[in-house]
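One structure is given below, encoded as structure tokens.
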Amino acid sequence: MSKTKVKKLTPEQAALIPVYREKWRAISLSTGPINRSQAAETIKLAYSAIGKKAPEIIFVDRPYEAADLILSRFDNPSSELRSQFETKLRSQLEKQLRGYLGSQLETELQSQLQTQRSARLYTQLQTQLWEAHRNYLAGEIASQLLPQEVLNERSGDIYWQTLGKQFSNCIQPVLWAAYGSLLDFCISVLNLPHSNRRNWIVFQSIVRDCGLIYPYEKVCVVCEKPIALSADSNYRLHAEGAPAVQFADGVSIYAYHGVILPQWYGRLHPHQWQSKWVLKEQNAEVRRALIQGITYDRLCQELAVTELDSWQEYTLLSIEFDDDFDWVGNAKPVYLLKMNCPSTGHIHALRVPPNVRSAQEAIRWVNWDIAPAEFSVQT
């Protein structure tokens, strides 16, 4: 029997999209402590869903504690269950529900419910926090080998492969949350049929009630959620003057709109960042974040600049520092158009291409090729 596909939303249904988007954004950013009794019940139901007996459930307070436990107790890749959980509790449900959506509507819902944006948060956590844990485990494995084994290429390959297998067996609720808003909207708003309501309940509980989950045949390790987790509107790790991610044991990540910062920058509010740091910072990505936080307005007032040309209240400036933010291959200097409002005295600066040679040419570029003489009112 063919499925009747939903091709268009009613106005009432469309109005609920931001409601479900924000609901799952809040869930993805939820922090600990977790309700361990509820999490334990969720784990038991999840194991039952894939036909497994309830395991011994071990809760740990911090990620490194989970890493140590995994390293010391589990070395059998065949006992890893992550893929089975993802197939049974997420992938099958997602495939079933999407089968009832017209292709255009499916694309629109994916975009509007921000499943891809939410996945950005997972990607950053994976590459930053989880990578740090992977490196920690690598050090632990290396410390257990004889010096000559560490230097042996084959031994190195073996312990890195072992490490990769252990860390691939991890259910990360933030990733599952990236799919939750679309699934929830299809089930709760569109009332699309699905085969197993209990599995949907377990899916929600895993995201809501659990931290990192390492599932094995007889033992399941569940880590506490971070005590702080902050992101901007585009699901990029972000906090100002505080960790974007922090666990109870003090493990922290500082980030500014998705750029991971060293602690000495991240612990300060961007208002406290100093323009001279831009001149010394060697990491291009971090340097771009500093520029974004400090703003060109401050840079052109606080750094040594060269005035190249002026026209009325506009001045074309150059600043000597390396930057490849907008124009690849442009090392230095950086060119700015400074605008000084005659009524308020406020200074505003914009980055302009390195090939402009006059203030009026820079003004034309900023204003979509409209010549300054054509402005009826200067702004």
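Each value in this text was obtained by applying a stated rule to the coordinates, not by laboratory testing. Remember, it's a predicted structure, so these values are computed and weren't measured experimentally. Here the Cβ is made from the backbone with ideal geometry for all residues, glycine too, and neighbour counts use every protein chain on show.
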task = Let me have the relative contact order for segment 214-365, percent, based on Cα pairs under 8 Å that are six or more residues apart.
result = 13 percent
inquiry  = Could you sort the peptides 179-192, 18-31, 341-354, 51-64 by per-residue average Cβ neighbour count (10 Å cutoff), highest mean leading?
reply    = 179-192, 18-31, 51-64, 341-354
inquiry  = What does the extension gain come out to for S91 and E307, with contour length at 0.36 nm per residue minus their alpha carbon separation?
reply    = 71.8 nm
inquiry  = Give me the extension gain from Q38 to T344: residue separation times 0.36 nm, minus the current Cα-Cα distance, reported in nm with one decimal.
reply    = 104.4 nm
